[in-house]
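The values are calculated or read from the model by the stated rules, or taken from the named source; none is laboratory data. Since we're looking at a predicted model, the values are computed, not measured. All Cβ positions, even for glycine, are placed from backbone atoms using ideal geometry, and neighbour counts span all protein chains on display. The area values use the complete protein model at the heavy-atom level, side chains included, leaving out ligands, DNA and RNA. Shrake-Rupley method; radii C 1.70, N 1.55, O 1.52, S 1.80 Å.
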Amino acid sequence: MAPPNKSTLRSLGSIELQTRRELILARLRDAISSGELAPGTHLAEVELSESLGVSRGTLREALRHLQQDGLLTADARGRLSVRVVSEQEVDEIFAVRCALESLAFRQICDLPDRSVVIPELQAALGHLKENEGDFVAQLDADLAFHRRLCELSGNGTLAHSWQGVSGLARAAITAAGPQTALHNMAYQRHLPIVSLLAAGDIEGGEAFLAQHMSDAAERIVAQMQRARSA
């Protein structure tokens, strides 16, 4: 086998740079999730790069990733701000999640053998319980559980579609503040999903997911309305 040429080696990039980029991305995502960077906050590139101690180029790549995820939006002049989710968007995001996850539930139930799927989802559910009290970690565990549900369906397009709305889902979950989010992310609220899957109850699972998503969206919207009128 011929050795890789220099251009191929250069295309691999720097491990240190890649690690730094991922760290900055995670730091910013956590700050948005926790409310440290509140919805509507303008992200001034110069000040932010100095605060984080990274080059503007590295920061710009992380910001671009967050914009693609839907956590940041750009105005007409290209200035980035933390996304402000509207009440209508909350309803839309949870409706899309419900459709995707209901399909995942059905396809898992239709698997010839789902015996290996259930333990994986139980483990993901366990992470949700283990991280109760750590808001950002619990939010990550919540999204990881729902993502794993879609991945285990075996439908790659479905999993990819869910990943495409995961950033918007994060923004919607946190739109009404941590107290509402913590209620929606509670371990007990998610436990029936695994139980119904284990039983192969497609009708019950789809009904539960519809109620699960509807309740979460309604709770978020109600809190947003209270905050607006306060």
In sequence order, what are the phi-derived ³J(HN,Hα) couplings for segment 203-216 according to the Karplus relation 6.51 cos²θ - 1.76 cosθ + 1.60 with θ = phi - 60°, rounded to whole Hz, with x for glycine and proline? 4, x, x, 5, 5, 5, 4, 4, 5, 4, 6, 5, 4, 4
Inter-label distance, nm, simple model (7 Å from Cα along the C-beta direction), residue 129/residue 36: 3.0 nm
Where in the chain is the longest stretch that carries no trypsin sites (Lys or Arg not before Pro) classed as loop by DSSP and with at most 14 other Cβ atoms within 10 Å? 80-230
Residue separation between residue 46 and residue 218 times 0.36 nm, minus their alpha-carbon distance, gives in nm 58.1 nm
Positive-end extreme of charge dipole, the chain - chosen from 32, 74, 54 (charges on Cβ): 54
Work out how much length residue 23 to residue 99 would gain on full extension: take 0.36 nm times their residue separation and subtract the Cα-Cα distance, in nm to one decimal. 24.1 nm
Is the shape of segment 128-209 rounded, prolate or oblate, going by the alpha carbon gyration tensor and its root eigenvalues a ≥ b ≥ c, with a/c under 1.5 for rounded and a/b larger than b/c for prolate? oblate
State whether segment 85-172 is rounded, prolate or oblate according to the following rule on the C-alpha gyration tensor (a ≥ b ≥ c being the square roots of its eigenvalues): a/c under 1.5 gives rounded; otherwise a/b larger than b/c gives prolate, and the remaining case gives oblate. oblate
Along the charge dipole of the chain, pointing to its positive end and built from +1/-1 on Cβ of Lys, Arg, Asp and Glu, which listed residue (94, 159, 216) has its Cα farthest out? 159
With a ≥ b ≥ c the root eigenvalues of the C-alpha gyration tensor of segment 176-228, is it rounded (a/c under 1.5), prolate (a/b larger than b/c) or oblate? oblate
List, largest first, the extents of the alpha carbons of the chain along their principal axes, each in whole Å. 67, 53, 32
Given a 1.4 Å probe, the accessible area of segment 26-99 per residue, as a whole number of Å², is 53 Å²
Could you tell me what percent of the accessible area of the chain is made up of carbon and sulfur, with a 1.4 Å probe and every protein chain present? 53 percent
Under the helix-only model (-39500 (n - 2.57) for each DSSP H run of 4 or more, divided by the residues of the chain), the mean residue ellipticity at 222 nm, to 500 deg cm²/dmol, is -24000 deg cm²/dmol
Between residue 207 and residue 144, what is 0.36 nm times their sequence separation minus the Cα-Cα distance? Round to one decimal in nm. 20.5 nm
Ignoring ligands, DNA and RNA, what accessible area per residue does segment 160-205 give at 1.4 Å, in Å²? 41 Å²
